[in-house]
Amino acid sequence: MELAADLALIALIVVGISRFRTPGGASFGNHAAALAIVVAGAHAAARAGVADPGAVTVAVLAGALAGVAVAYRARTTSLPAVIALQHGIGGLAAVLVSALELAHGRAELELAAKLSGLFGLVLGATTFSASLVAAAKLGNLIRREPTVVPHHDLHLFALGLLIGVFAVQYGVADNPGAHVVAIVVGAMVLGALFAVRVGGPDLPVLVSVLNAAAGLAAAFCGVAIANRLLVVAGAIVAASGSILTVVTCRALHRSLPNVFFGGAATSRADADPLAAVAELARAAHKVIVVPGYGMARARAHVEVARLARLLEAMGKDVRFALHPLAGRMPDHMNLLLAEAGVADEELLELEDANCELPATDLVLVVGANDVVNPAALDVPVLHAFEARAVVVCNLDERPGHAGVANPLYRAEHTTLLLGDAAATVQALCERLEVPARDLGSLR
């Protein structure tokens with residue numbers, strides 16, 4: 001009978017999660033999963049027996065009211081921070097369950113339960129502190145940019161080794177509670193140090209990883225207390241969080257090691273990035289230029305048109321992708337490019353450009369930000385991130401008019417050439433080794 005009840009609750013959780021694939025089904029999915037959690041909690045309490053049901057009921061109601069209050073007060077813009085905080089609360093719950101089992105039931109626990117409890121303890125504490133850091137960054141309470149301390153990797157390794165030593169000593173110590181506390185403190189420092197150097201557009205990856213970690217911690221707790229419902233529910237969360245991490249990394253054109261172990265903002269951060277860009281231009285067959293208002297401010301449109309003529313002379317297929325919001329008035333980019341001698345046949349509108357970008361070898365972004373920002377979801381954008389390689393010739397990395405950080409800047413296939421756009425494009429022409437007499441003919 002207990003097995004049938006557990007399977008029914010597991011099925012309800014799976015059905016609820018499966019409805020998250022569409023906005024319309026998400027509401028039903030949330031209610032179904034919430035109902036499954038409430039029933040599972042009551043079922044577990046009835047099966048295990050509770051010494052003080054009144055106190056447990058008060059605690060559950062207090063937590064539910066606090067959750068409702070936070071949900072109703074949260075604005076849409078603050079939802080990422082709230083979600084990160086929720087993952088931290090899940091990690092904290094895993095810490096409390098594991099700590100109680102490890103500190104007071106060591107003699108009764110089997111080896112598998114002890115190991116699972118230790119893993120749940122470390123993962124839960126790491127997730128808790130890392131989630132607090134992520135929530136603070138997403139809520140603009142601390143700087144969103146990555147913070148790297150000297151010998152960062154060495155500190156992480158030393159903390160991991162120290163936690164391992166405490167875990168080994170736990171098995172033989174006379175006072176296991178002290179070692180449990182030491183493990184929790186060490187893991188919390190590890191989590192904070194791990195999360196603090198992730199920032200900017202990489203924060204969604206951190207949040208999805210913490211989602212998976214919280215689920216895995218819960219699953220280990222389930223093994224420690226022999227609760228199969230908790231094991232399955234935690235494993236589902238861990239699996240979904242892992243899938244979300246992979247999807248998010250692909251969307252940002254980033255790999256997990258680059259996000260967490262110091263990936264540079266440009267994957268081609270050579271000592272001479274102009275040389276790397278020149279090689280990309282020589283190897284490309286199809287090139288699309290994305291001009292923006294920054295090109296107009298820098299008066300770089302003549303140099304950009306000159307570069308386009310140069311690439312065409314090298315046998316490249318060159319087009320210009322125009323976003324309707326790229327300038328400060330309708331047809332702003334069209335007028336500038338016409339002034340520089342670019343023909344109408346070379347211009348692509350938004351929809352046509354997005355059809356061609358996946359097959360494009362090189363995208364050259366000149367003074368554009370919001371119109372190529374994958375995170376700017378309120379307006380259609382040019383899918384520059386789908387091209388095989390992207391070069392950004394902008395003044396700096398600051399967000400555009402929309403105020404949304406651009407994850408394209410940190411994509412592995414993106415190279416940043418920051419500075420005055422006119423000077424940058426002119427230098428790129430020179431790197432392509434065009435004789436002065438030919439350059440003069442392209443004006």
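Read-outs: derived from the displayed coordinates by stated rules, not from any lab. None of the values given here were measured: they were computed from a predicted structure. Positions of Cβ are generated from backbone atoms using ideal geometry, with glycine treated the same way; all protein chains shown enter the neighbour counts.
Amide H neighbours of GLY400 under 5 Å, at least 5 residues apart or on other chains, H built in the peptide plane: list them.
Excluding prolines and chain starts, which carry no amide H, the hits are ASP370.
Relative contact order for the chain: what is it in percent, counting Cα pairs under 8 Å that are at least 6 residues apart? Before the final figure, lay out the partial values.
On the way: 705 pairs, mean separation 58.3, N = 443.
Across the chain, relative contact order equals 13 percent.
Taking a cut-off of 20 Å between Cα atoms, list the aspartates and glutamates near LYS137, but don't count ones fewer than 8 places away on the same chain.
GLU145, ASP202, GLU397
Sticking with the crude label model, points 7 Å out along Cα→Cβ, report the distance from LEU96 to GLU145 in nm, one decimal please.
Label-label distance for LEU96 and GLU145, simple model: 3.9 nm.
Which ordering of ARG398, ARG306 is given by a fewest-first count of other beta-carbon atoms within 10 Å?
ARG398, ARG306
What is the helix-to-structure angle for 53-73, meaning the angle in degrees between its Cα long axis and the longest Cα principal axis of the chain, kept from 0 to 90 and rounded to the nearest 10?
Helix 53-73 sits roughly 10 degrees off the main axis of the chain.
Return one number: the angle in degrees, 0 to 90 and rounded to the nearest 10, between the long axis of the Cα atoms of helix 2-18 and the longest principal axis of the Cα atoms of the chain.
So the helix axis and the longest Cα principal axis differ by about 20 degrees.
What's the longest uninterrupted piece of the chain once you rule out the GluC sites (Glu not before Pro) that are loop residues per DSSP with at most 12 other Cβ within 10 Å?
Free of exposed loop sites, the longest segment is 111-348.
Could you list LYS316, LYS137 in order of exposure, starting from the residue whose Cβ has the fewest other Cβ atoms within 10 Å?
Going from least to most buried by this count: LYS316, LYS137.
In the chain, with Lys and Arg counted as +1 and Asp and Glu as -1 at Cβ, which of these residues, PHE220, CYS249, PHE28, has the Cα nearest the positive end of the dipole, that is, farthest along it?
Of the options given, the answer is PHE220.
Dipole of segment 74-260, Cα-centred, from +1 at each Lys and Arg C-beta and -1 at each Asp and Glu C-beta, to the nearest 20 debye?
So the magnitude is around 560 debye.
Going by Cα centres, segment 385-419 and segment 205-262 are how many Å apart?
28
So I have [x] 27; [y] 44; [z] 36, and one of them is percent of Cα pairs over 35 Å apart calculated from this model. Which one is it?
Matching entry in [x] 27; [y] 44; [z] 36: [y].
In terms of Cα to Cα distance under 27 Å, which lysines are near enough to LYS316, apart from those fewer than 8 places away along the same chain?
Excluding near neighbours in sequence, the set is LYS286.
Using every Cα-Cα pair within segment 346-385, state what percent have a distance larger than 12 Å.
59
Once you list every other residue whose beta carbon is under 14 Å from the beta carbon of VAL133, what net charge do they have if Lys and Arg are +1 and Asp and Glu are -1?
+2
Test of understanding: ordering SER240, SER208 by Cβ neighbours within 10 Å, fewest first, what list do you get?
Listing SER240, SER208 from fewest to most nearby Cβ atoms yields SER240, SER208.
ALA226 versus GLU346, label points 7 Å from Cα toward the beta carbon: distance in nm?
7.6
I need the shape label for segment 273-441. Rule: rounded when a/c is under 1.5, else prolate if a/b > b/c, else oblate, with a, b, c from the alpha carbon gyration tensor.
Judged from the Cα gyration tensor, segment 273-441 comes out rounded (a/c under 1.5).
Classify segment 74-260 from the C-alpha gyration tensor, please: rounded if a/c falls under 1.5, else prolate or oblate depending on whether a/b exceeds b/c. Before the final figure, lay out each step's value.
Working: a/c = 2.08, a/b = 1.51, b/c = 1.38.
Prolate.
Starting from the amide H of VAL290, placed 1.01 Å from N in the peptide plane, find each other amide H under 5 Å away whose residue is 5 or more places distant or on another chain.
ALA321, LEU364, VAL365, VAL366
Using alpha carbons only, how many degrees (0 to 90, rounded to 10) separate the axis of helix 228-252 from the longest principal axis of the chain?
It works out to around 10 degrees.
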